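Q: Attaching a single structure in structure tokens format; questions to follow.
The values are calculated or read from the model by the stated rules, or taken from the named source; none is laboratory data. The structure displayed is predicted, hence computed values, not measured ones. Neighbour counts run over all protein chains shown; Cβ positions are idealised from the backbone, glycine included.
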Number of protein chains: 2
Amino acid sequence: MQTVRVNLGPRSYDIALTSTDPAGFAAFARRAAPKAKLALVVTDANVISHASTVASGLQSVGIHSQTAVVPAGEASKSVARLEALYDALAELPADRGTLVVAVGGGVVGDLGGFAAATYNRGLPLLMVPTTLLAMVDSSVGGKTGVNHPKGKNLIGSFHQPAGVWIDTAYLASLPDREFRSGLAEVVKYGVIQDPEFFEYLEANAAAILARRPDTLVHIVARSCRLKADVVEQDEREETGLRAILNYGHTFAHGYETVGGYGAWLHGEAVAAGMVGESRLAERLGRIPVAVTDRQVRLLTAFGLPIAGKPEWATEALIDVMRRDKKSQAGKLRFVLPTRLGHVELVDGVSEDLVREVLRT
Amino acid sequence: MQTVRVNLGPRSYDIALTSTDPAGFAAFARRAAPKAKLALVVTDANVISHASTVASGLQSVGIHSQTAVVPAGEASKSVARLEALYDALAELPADRGTLVVAVGGGVVGDLGGFAAATYNRGLPLLMVPTTLLAMVDSSVGGKTGVNHPKGKNLIGSFHQPAGVWIDTAYLASLPDREFRSGLAEVVKYGVIQDPEFFEYLEANAAAILARRPDTLVHIVARSCRLKADVVEQDEREETGLRAILNYGHTFAHGYETVGGYGAWLHGEAVAAGMVGESRLAERLGRIPVAVTDRQVRLLTAFGLPIAGKPEWATEALIDVMRRDKKSQAGKLRFVLPTRLGHVELVDGVSEDLVREVLRT
């Protein structure tokens with residue numbers, strides 16, 4: 001078992017990674033929440049079997065649990081589903097030591113995490129991500145939340161987990177498209193923070209796509225470490241540093257909104273978004289074309305899109321970007337590379353330049 | 001203008017107190033939220049005139065605001081009202097710099113505060129309490145939340161405000177019963193932390209009841225300072241210290257639940273609760289009867305109840321106490337005085353002893 005430590009003072013926690021020791025979960029859960037007697041396991045219909053393994057593990061260390069199953073898919077990140085979790089917690093009945101265990105992808109983690117963040121002003125939370133995207137991104141860093149009709153993740157809070165348990169063996173059964181989508185965020189860490197990791201991904205693309213267990217543990221562990229490095233320095237997105245994680249995400253947000261949630265998976269939107277924003281950096285004279293080209297080649301090797309769909313109207317995309325959380329007073333703001341392995345927050349990017357990139 | 005500083009590292013803030021300088025609000029708001037351009041003012045139907053003064057003040061420093069009015073009363077602390085505030089924020093549209101200003105009593109503060117805590121993962125919050133209870137208790141310390149059918153404040157989070165503006169002139173028009181109810185929490189600070197303050201209250205009861213402006217500023221400022229001393233040491237109720245603020249509240253919770261929210265005001269329940277818990281401390285040999293007697297006399301002088309209503313069934317009260325947030329695995333836990341000015345958390349109090357106190 002490998003461990004990535006997230007150092008956040010009193011809110012520090014471990015991310016445990018394994019591909020061979022599923023039974024280690026029970027002891028990890030006990031260590032993460034030493035006093036818990038009760039747990040609510042939140043999961044979705046697709047991964048109920050993983051949730052039931054988790055529940056058995058909890059039982060073996062004296063934590064009795066109930067399971068709340070939500071429908072798979074983004075629609076479950078709603079205030080209505082959140083209320084159902086509050087009801088389930090009240091039914092248990094949960095006290096302040098009751099553990100919430102989120103077994104699933106980003107939707108389950110965000111929803112279950114937000115219930116944990118806000119029930120009784122905060123319950124201990126254990127993340128058990130079952131998708132690559134959740135393993136390398138949403139399970140780490142403490143962001144939780146649900147959607148509002150006016151915007152994704154508009155309602156939420158920061159709530160660091162007590163622990164994250166990552167068993168990459170779960171990835172063996174992940175549908176191909178979801179697996180590839182998760183790789184987009186992995187590539188992102190290389191571009192924004194670690195050129196050697198980017199090279200590793202280039203050199204090992206075939207092993208990654210073949211889902212070789214040791215390779216998977218490595219890329220997930222490295223991604224978690226890189227994300228943790230950022231989160232440790234800017235836990236609540238206050239200094240601006242954490243914004244670097246949004247590389248590719250301003251364009252992606254446009255694609256997801258205009259395409260409609262579900263047209264593309266999040267990672268697909270991020271892949272095309274990174275290429276778009278990299279081209280923007282080129283036009284601003286910040287990077288040579290080669291930096292974009294390497295991303296295009298790697299993302300293509302991973303079977304990911306490198307541009308938005310032609311039917312998505314440029315003005316609609318720009319309009320979404322204007323309303324992005326990063327934008328201030330309507331001015332466009334992007335996280336742009338200055339070289340492979342480093343990005344900067346760039347203010348006041350001209351909409352015409354963005355239009356140009358979107359149209360090419 | 002007096003200032004009480006709440007030191008919480010990056011979440012530090014000022015509580016400004018005045019009885020003579022209402023116009024100081026605008027500059028205070030600007031300092032508390034230097035970048036805000038937009039605000040949502042949350043208020044209730046009873047204090048709309050105060051809210052409109054606040055909105056004018058905000059406008060004078062360039063903060064344009066919309067006002068969301070909720071019905072007065074505990075029923076507004078609901079997920080449904082919360083959703084309406086999310087909608088109002090989305091309509092503005094709020095960005096991360098948008099200020100939420102809660103103008104009202106505890107209900108408005110808790111509800112508006114929780115909306116601020118959870119919209120966009122946290123918006124700056126300005127508290128403008130208009131009741132004595134909100135001034136000395138709920139506006140300070142960062143607790144926000146709404147009710148669940150299974151329990152008060154079951155859904156919520158910690159979200160420190162960017163500032164608290166207290167104009168005790170608002171108290172001139174507060175209904176007598178509400179004013180007296182607020183005094184219960186003021187008395188509480190004397191019992192749990194400050195015997196000299198308790199003596200001050202005894203010596204100045206008439207001036208307090210006459211709402212003499214200088215006296216009001218003094219008791220509110222001292223109460224805020226005493227609460228801040230606790231919150232600074234245990235911001236998120238983790239070390240157990242913050243629990244001392246719950247003196248009188250275990251019994252009070254029983255009275256409020258069995259009596260039905262609304263039978264008694266919160267402070268009335270706390271007054272009778274303090275006397276009950278003080279008697280419990282007597283029976284455990286922790287304090288002489290004189291400590292209870294002084295509380296009884298002061299609370300009586302303030303026109304507050306000193307025992308529950310005879311029709312409230314003992315077993316029903318015990319049952320609520322057993323489910324109290326402080327209780328663990330069904331064992332009763334109380335905050336009990338050891339002398340005037342000091343309390344301790346006491347575990348495993350026998351239910352029979354509680355029954356005895358409830359029946360006398």
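Q: Return yes or no: is B:G113 touching a His at 6+ places or on another chain (Cβ under 7 Å) and either closer than 27 Å to A:P149 by Cβ or within 11 Å of chain A (Cβ to nearest Cβ) (or both)?
A: yes
Q: Still on this structure, I have one more. Looking only at residues in the range A:206-243 that are part of a helix (DSSP H, G or I) and within 14 Å of chain B (Cβ to nearest Cβ), which one is nearest to A:Q160 (Cα to Cα)?
A: Keep residues of the range A:206-243 that are part of a helix (DSSP H, G or I), which gives A:206-209, A:213-233, A:241-243.
Checking the rest, the ones that are also within 14 Å of chain B (Cβ to nearest Cβ) come to A:231, A:233, A:242-243.
Numbers: A:V231: 10, A:Q233: 14, A:R242: 15, A:A243: 18 Å.
The selected residue is A:V231.
Q: Does any residue in the range A:146-169 that is away from chain B (no Cβ under 11 Å) come within less than 8 Å, Cβ to Cβ, of a residue that is of a type in the set (D, E, K, R) and assigned to a strand (DSSP E or B) six or more places away or on a different chain, and which pairs are these?
A: A:G163/A:D14; A:V164/A:D14
Q: Taking the range A:22-67, which residues are assigned to a strand (DSSP E or B), surrounded by 14 or more Cβ atoms within 10 Å (Cβ to Cβ) and free of Cβ contacts under 8 Å to residues at least 40 places away in the same chain?
A: Scanning the range A:22-67 gives A:S65, A:Q66, A:T67.
Q: In the range B:237-252, is there at least one residue being in contact with a helix residue (DSSP H, G or I) (Cβ under 9 Å, 6 or more places away or on another chain) and either among the aromatic types (F, W, Y) or closer than 20 Å to B:L171 by Cα (or both)?
A: Looking for residues that are in contact with a helix residue (DSSP H, G or I) (Cβ under 9 Å, 6 or more places away or on another chain) and either among the aromatic types (F, W, Y) or closer than 20 Å to B:L171 by Cα (or both), one finds at least one in the range B:237-252, hence yes.
Q: Here are some residues: A:P93, A:P149, A:P129. Which one is under 22 Å from A:P22 (Cβ atoms) and not assigned by TED's automatic domain parsing to the domain that holds A:E256?
A: Within the list A:P93, A:P149, A:P129, the selection yields A:P129.
Q: Looking at A:A272, A:A243, A:A221, A:A281, which is the one that is small (G, A, S), at pLDDT 95 or above, within 15 Å of the chain's Cα centre (by Cα) and crowded, with 19+ Cβ neighbours inside 10 Å? Outline the logic, then answer.
A: Details: A:A272 fails: within 15 Å of the chain's Cα centre (by Cα); A:A243 fails: at pLDDT 95 or above; A:A281 fails: within 15 Å of the chain's Cα centre (by Cα).
Exactly one residue qualifies, and that residue is A:A221.
Q: Further question: So, in the range A:1-53, of the ones that are among the charged types (D, E, K, R) and within 14 Å of chain B (Cβ to nearest Cβ), which residue ends up farthest from A:S76 (Cα to Cα)? Talk me through it step by step, then tell me what you get.
A: Filtering the range A:1-53 down to residues among the charged types (D, E, K, R) leaves A:5, A:11, A:14, A:21, A:30-31, A:35, A:37, A:44.
The next check asks that each one be within 14 Å of chain B (Cβ to nearest Cβ); those that pass are A:11, A:35, A:37.
Values: A:R11: 28, A:K35: 30, A:K37: 27 Å.
So, considering only residues that are among the charged types (D, E, K, R) and within 14 Å of chain B (Cβ to nearest Cβ), the one farthest from A:S76 (Cα to Cα) is A:K35.
Q: Quick one: which of B:L111, B:L154, B:L171, B:L123 is hydrophobic (A, V, I, L, M, F, W, C), farther than 27 Å from B:T20 by Cβ and surrounded by fewer than 24 Cβ atoms within 10 Å (Cβ to Cβ)?
A: Residue meeting the stated conditions: B:L154.
Q: Moving on. Which count do you get for residues in the range A:147-165 that are within 14 Å of the chain's Cα centre (by Cα) and over 23 Å from A:G9 (Cβ atoms)?
A: 2
Q: Still on this model: Specify the residue that is surrounded by the most Cβ atoms within 10 Å (Cβ to Cβ); the eligible residues are those in the range A:224-240 that are touching a strand residue (DSSP E or B) at 6+ places or on another chain (Cβ under 6 Å) and closer than 19 Å to A:G182 by Cβ.
A: My answer is A:C224.
Q: Mind telling me which of the residues A:G348, A:G285 ends up being touching a strand residue (DSSP E or B) at 6+ places or on another chain (Cβ under 7 Å), outside any helix (DSSP H, G or I) and of a type in the set (G, A, S)?
A: Sole residue among the options that is touching a strand residue (DSSP E or B) at 6+ places or on another chain (Cβ under 7 Å), outside any helix (DSSP H, G or I) and of a type in the set (G, A, S): A:G348.
Q: Do we have any residue at all in the range B:137-144 that's within 12 Å of the chain's Cα centre (by Cα), in a strand (DSSP E or B) and of a type outside the set (K, R)? If you could, list the steps in order and put the result at the bottom.
A: Residues of the range B:137-144 that are within 12 Å of the chain's Cα centre (by Cα), as a first pass: B:137-144.
Within this subset, residues satisfying the condition of being in a strand (DSSP E or B) are B:143-144.
Filter once more, so that each one left must be of a type outside the set (K, R): B:144.
Yes, that holds for at least one residue.
Q: Does B:A75 satisfy the criteria of being outside any loop (DSSP other than H, G, I, E, B), under 19 Å from B:A29 (Cβ atoms) and either small (G, A, S) or at pLDDT below 95 (or both)?
A: Judged against the criteria, B:A75 is not a match.
Q: Give B:S173, B:S138, B:S76 a once-over and let me know the one that is within 14 Å of chain A (Cβ to nearest Cβ) and under 20 Å from B:N46 (Cα atoms).
A: Residue meeting the stated conditions: B:S138.
Q: Checking B:Y86 against (1) assigned to a strand (DSSP E or B); (2) hydroxyl-bearing (S, T, Y); (3) under 30 Å from A:A80 (Cα atoms), which single condition isn't satisfied?
A: (1)
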